[in-house]
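The values are calculated or read from the model by the stated rules, or taken from the named source; none is laboratory data. Here the structure is a predicted model, which means the values were calculated and not measured. Quick reminder, even Gly has a Cβ in these numbers, built from the backbone with ideal geometry, and neighbours come from all protein chains shown.
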């Protein structure tokens, strides 16, 4: 019995709309699980179900081995952090932190001790007497995390906690949340639409779409071996190049070009021919001196250049479609240049054209 | 550091100059002043007339200021003017109105705010049906319900008493106030409510500790709506009370419309101003809060 949160056959319907369908998910104790998906995929809804803020239509939710499907949010042993911080505006920071503890009927000394500890961990001691309106966005979110922290719970739920912050603050707080998890070793379930947050924070990522989990795996697995075309396109920035072609006897043919697929690990041996989509990440295309080692090489002409400082993104036409390549930021290229590309099929992904599943 | 250069500029630069007496300004302020005068004039006439003696009024110069300022009409209106059989002015009616208004306002707002809170945040079964029925109630003309309510109050033994009138006012305030509060509570961030639930607060805990402190603007609006509405009510007052418990509006009507003797315009004017003073004061005191509250709660559906 090592699971902290177990979700079994969970359904949720709003009228006729099925938001979650037969969803099963086990989350290990101390695990950092990220629910990732575009808006409307049901990730926040799932989190609200776990928190007990939404009644489920069918199925069960277990937290720490107890069936909490019908339990009140406060009885589930969870703490929740919201995107809009949701701090009580008329209370001071201290009042915000102590509200839940007072409701639980804790002794004053215990409340004070817990607030002190949380304030120390989050470095918000100087702010305790202030009202939320007098805090910056980052400070507010820290207080919101503190409110979950003082509850001394096993499971932390984060509902897009960083989405309202500016880019720099978001990066800072992301690191803080990761450090917090390393120190506290609580189970954390984190909802986001930001793949960078997902990749950097998660032990495992669950990619959701239309109320279902598409793929559940470590960030590495999801990035390296996406289970279908949707996941492949969703993860990675800039996104993966897709080439629509035909697969026959280990050769992928597209727009008059044949790419030998030797070295590609097929998910199953059953399919080796038929319509297929080849996915290649822009950062897995090699250029310059490294090309000579690549199993497949070709020449392309540059259409467009997007320098980002650290990298340079290059747009070109390849095999009758648009193709993006990430080059080093130092590469001296300009529009109209012809460069040589190298592709390694071992790092590419092949999907069935009809089912869009990984081959 | 970059070089600091100042160019010698010619032609238009900086803010565009605007004339005070442009055609636009004259038209705009002219219209505003005209409209303001138009609305202020009746009040002026009332105040001026109420401070004149009867001989002066008979001269017929409605707009001229009083030659001899007298407050006798005000005193008479308050404590001596005859309403039907009794001659103790508006004072009885005023205190009746106070005794009607205060409990009605408190009861209606207390109930409606809880209604609105429950409808906005605790989606119970049948909430939509309940809400629809309540809103429908706002569109039923009062006249239809006048007589049935007379019977109901009589059966309860409350007909003619102030308590009966308070109950009527509380019930009739319910639809619009519930709508007002529901819309306001719906506009508050839902995550606050969720956070409070995670923090273990119950129905009343969230209402008193989280929602109430955030709802000062909408409570102000509700108080203003109810105080003015109930204070100005004539129909319910005249139907559901007896002469000794008539509210101020009914007393005013009886003074102004009494047919025997001379029509004392100055007393009538003074009585009208005194009656209107309560809502007027409330508007002046709470003007800004009122507008803010209306904007916060009433617009969103």
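Of the numbered criteria (1) away from every other protein chain (no Cβ under 14 Å); (2) surrounded by fewer than 20 Cβ atoms within 10 Å (Cβ to Cβ); (3) assigned to a helix (DSSP H, G or I); (4) at pLDDT below 90, the one residue B:301 fails is (3). Among the residues of this structure, residue A:50 counts as one that is assigned to a helix (DSSP H, G or I) and either under 21 Å from the mean Cα position of the chain (by Cα) or within 26 Å of residue B:201 (Cα to Cα) (or both). None of A:162, A:180, A:149 is in a loop (DSSP other than H, G, I, E, B) and either more than 11 Å from chain B (Cβ to nearest Cβ) or surrounded by 20 or more Cβ atoms within 10 Å (Cβ to Cβ) (or both) except A:162.
Just to be sure, is residue A:232 at negative phi and in a loop (DSSP other than H, G, I, E, B)? Against the criterion (at negative phi and in a loop (DSSP other than H, G, I, E, B)), residue A:232 does not qualify.
Does segment A:25-44 contain at least one residue that is touching a residue at least 12 places away in the same chain (Cβ under 8 Å), within 25 Å of the chain's Cα centre (by Cα), under 22 Å from residue B:125 (Cα atoms) and in a helix (DSSP H, G or I)? No: zero hits. If you go through segment B:71-98 and keep only what is in a loop (DSSP other than H, G, I, E, B) and out of contact with any helix residue (DSSP H, G or I) (no Cβ under 8 Å at 6 or more places or on another chain), you end up with B:71, B:80, B:87. Scanning segment A:47-83 for residues that are away from every other protein chain (no Cβ under 14 Å) and touching a helix residue (DSSP H, G or I) at 6+ places or on another chain (Cβ under 7 Å), we see that the one that is nearest to residue A:104 (Cα to Cα) is A:61. Contact map, segment A:299-325: first residue in contact (Cβ under 8 Å) with a residue 40 or more places away in the chain, second residue loosely packed, with under 13 Cβ neighbours inside 10 Å, Cβ cut-off under 6 Å, separation 6 or more or different chains; pairs are A:299/A:338; A:313/A:306; A:319/A:255; A:320/A:255. Once segment B:172-196 is narrowed to residues that are assigned to a helix (DSSP H, G or I) and either without any contact (Cβ under 8 Å) to a residue 24 or more places away in the chain or facing chain A (nearest Cβ under 10 Å) (or both), the residue that is surrounded by the most Cβ atoms within 10 Å (Cβ to Cβ) is B:195. For the residues A:347, A:324, the requirement of being over 14 Å from residue A:300 (Cβ atoms) and surrounded by 13 or more Cβ atoms within 10 Å (Cβ to Cβ) singles out A:347.
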